[in-house]
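Down below is the structure, laid out as structure tokens.
The values are calculated or read from the model by the stated rules, or taken from the named source; none is laboratory data. Quick caveat: nothing in here was measured; it's all calculated off a predicted structure. Cβ coordinates were reconstructed from backbone atoms using ideal geometry, including for glycine residues, and neighbour counts include every protein chain displayed. Note: accessible area is taken over every heavy atom of the protein model, side chains too, but ligands, DNA and RNA are not part of it. Shrake-Rupley method; radii C 1.70, N 1.55, O 1.52, S 1.80 Å.
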Amino acid sequence: IREAEARNEKRITLSAKLRETEELLTNFQGLQGQDMCPTCLQPLSEGHLHHLERAYQEQCDELKASLSKAEAEEREAREALELFEQLATREADLRRRVEKIDILEREMREARAQLETVETKLASIADETATGDDRMTLQQELEKTRARLKQLEAQQALFQETRNAGRFFGRQ
């Protein structure tokens, strides 16, 4: 940001110097054909006026070249700043995605643990003589847990696919 601002200030300074030099050139061109300077009432020589005009024209050309270079440097600095901002935004997005994946993985571990618990209970009840209501309740709980696990696995697969697609297209 500081570099872009410095480039902008340099461009502004060069633009001001260029305007001043162009004004002087215009003044010198207005004095041609006059024998006396209207300001200081000194005699004017055509050779001296041509010499001054050439010198200021060269200075003007140098300032134009410097200004053009400063504008290009400012543009490059602004583009670099914009790229940096895009990268910072992308990094924040990736961090959020990683956090989501971490949460999904934790939920999947919890769902698997619940599934194992329900399956263990179901297996122990199958061995015992349980009522049909107990089995039905456990069976429903088992189905809900399996459905939740499938949902979490699908979400994780989607996030993983999105993540891999981002890498494939060079977005990281």
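Across the accessible surface of the stretch 82-128, with the other protein chains kept in place and a 1.4 Å probe, carbon and sulfur atoms take up 53 percent. By a straight-distance test (C-alpha under 16 Å), which lysines pair with Lys64 as possible cross-link partners, with residues fewer than eight away in the same chain excluded? Here the lysines satisfying the reach criterion relative to Lys64 are Lys10, Lys17. Applying the Karplus relation 6.51 cos²θ - 1.76 cosθ + 1.60 with θ = phi - 60° to the stretch 64-81 yields 3J(HN,Hα) values of 4, 5, 5, 5, 4, 5, 5, 5, 5, 5, 5, 4, 4, 5, 5, 5, 4, 5 Hz, where x marks Gly and Pro.
Peptide packing: for 147-158, 67-78, the average count of neighbouring Cβ atoms within 10 Å per residue gives the ranking 67-78, 147-158, highest mean first. When only alpha carbons are used to place a centre, the stretch 92-113 and the stretch 142-166 end up 10 Å from one another.
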